[in-house]
1. If you take the square roots of the eigenvalues of the alpha-carbon gyration tensor of region 69-148 and sort them as a ≥ b ≥ c, do you get rounded (a/c under 1.5), prolate (a/b over b/c) or oblate?
2. Projected onto the charge dipole of the chain (+1 at Lys/Arg Cβ, -1 at Asp/Glu Cβ, origin at the Cα centre), which of VAL74, PRO163, THR153 gives the Cα projection farthest towards the positive end?
3. Could you run the Debye sum over the Cα atoms of the chain, one equal point scatterer each and no solvent, and tell me log10 of I(q)/I(0) at q = 0.11, 0.16, 0.17 Å⁻¹, two decimals?
4. Assuming 1.002 mPa s and 20 °C, estimate D for region 97-224 with Stokes-Einstein, Rh taken as the Kirkwood radius over Cα pairs, in µm²/s.
5. Can you give me the long-range amide H partners of GLU34? Hydrogens built in the peptide plane at 1.01 Å from N, cutoff under 5 Å, separation of 5 or more residues or another chain.
6. Using the Karplus curve 6.51 cos²θ - 1.76 cosθ + 1.60 with θ = phi - 60°, what ³J(HN,Hα) values do you get for each residue of region 102-109, in whole Hz, with x for Gly and Pro?
7. Could you go through region 34-44 in sequence order and give the Karplus-derived ³J(HN,Hα) for each residue, using 6.51 cos²θ - 1.76 cosθ + 1.60 with θ = phi - 60°, rounded to whole Hz, and x for Gly and Pro?
8. What accessible area per residue comes out for region 178-224, rounded to a whole number of Å², with a 1.4 Å probe?
Amino acid sequence: MMATMMIEFQNVTREFQGPTGKVAALTDVSFAVEPGEFVAVVGPSGCGKSTLLLTAGALLTPSSGTVMLDGSDVYGRSGAVRRHLRAKKVGFVFQQFHLLPYLTVYENILAPSVALPSPDAPKRATELVERFGLADRAQHVPAQLSTGEKQRTALARALLNRPLLLLADEPTGNLDPENGQTVLQALVEFAQAGGAVLMVTHEQGATEMTHRTLRLVNGRLQDP
């Protein structure tokens, strides 16, 4: 019996309407990431990496093709079901962090519980504060944090709901080597525990700890 892939693209194309007609950001993209796997997608700016990640995260409906999330056709479901699947199964880590500026570190980490309420969310948030070395920053707002502290907060937030899949968009792009290594190690540990990681990056060094690397050029996956 074949294992269920955590995320699978089946001939996915995503087009946008440009000033002179349709522009394809992704063209006939097919790949899969299984549980326990850490996969990187590399390519130059503008090649479609962010579009791929948003499509994988049930945030951007493809023009054609199918996206399977843990065995479910995510875009074949209603918007409400899709939002629930995203909250329950997907964690996002962004280069620009996207922390809420008026919330503390602890409150930012706890924020995903709004979409997926859980009685143990406060305890889980406290554990993540400790795990990522943020205890002395727990009551600080993002403006009072270093860049590394912001990214660790964002990573802790992504893990709050115990997702099955982490989607990381240039997670080391704004970090010094030490903090970048900390983030990559956390992604490795997530995969080792059975989760799946899909990371897009243009930094070749960020792929050294992944299981495999896919290359995206002009919206198309290239042969290894």
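1. Prolate is the answer for region 69-148, as a/c is 1.5 or above and a/b outweighs b/c.
2. The residue sitting most towards the positive pole is VAL74.
3. Calculated log10 I(q)/I(0) at the listed q: -0.54, -1.12, -1.24.
4. Working: Rh = 15.5 Å.
Estimated via Stokes-Einstein, D reaches 138 µm²/s.
5. Amide H neighbours of GLU34: MET6.
6. Whole-Hz 3J(HN,Hα) from phi for region 102-109: 9, 9, 6, 3, 4, 5, 5, 5.
7. Coupling constants for region 34-44: 9, x, x, 10, 10, 10, 10, 10, 10, x, x Hz.
8. Per-residue value: 55 Å².
The values are calculated or read from the model by the stated rules, or taken from the named source; none is laboratory data. If you're wondering where the values come from, they're calculated on a predicted model, not measured in any experiment. Note: ideal-geometry Cβ built from the backbone for every residue, glycine included; neighbour counts use all protein chains shown. Quick note on the areas: whole protein, heavy atoms, side chains included, nothing else; ligands and nucleic acids left out. Shrake-Rupley method; radii C 1.70, N 1.55, O 1.52, S 1.80 Å.
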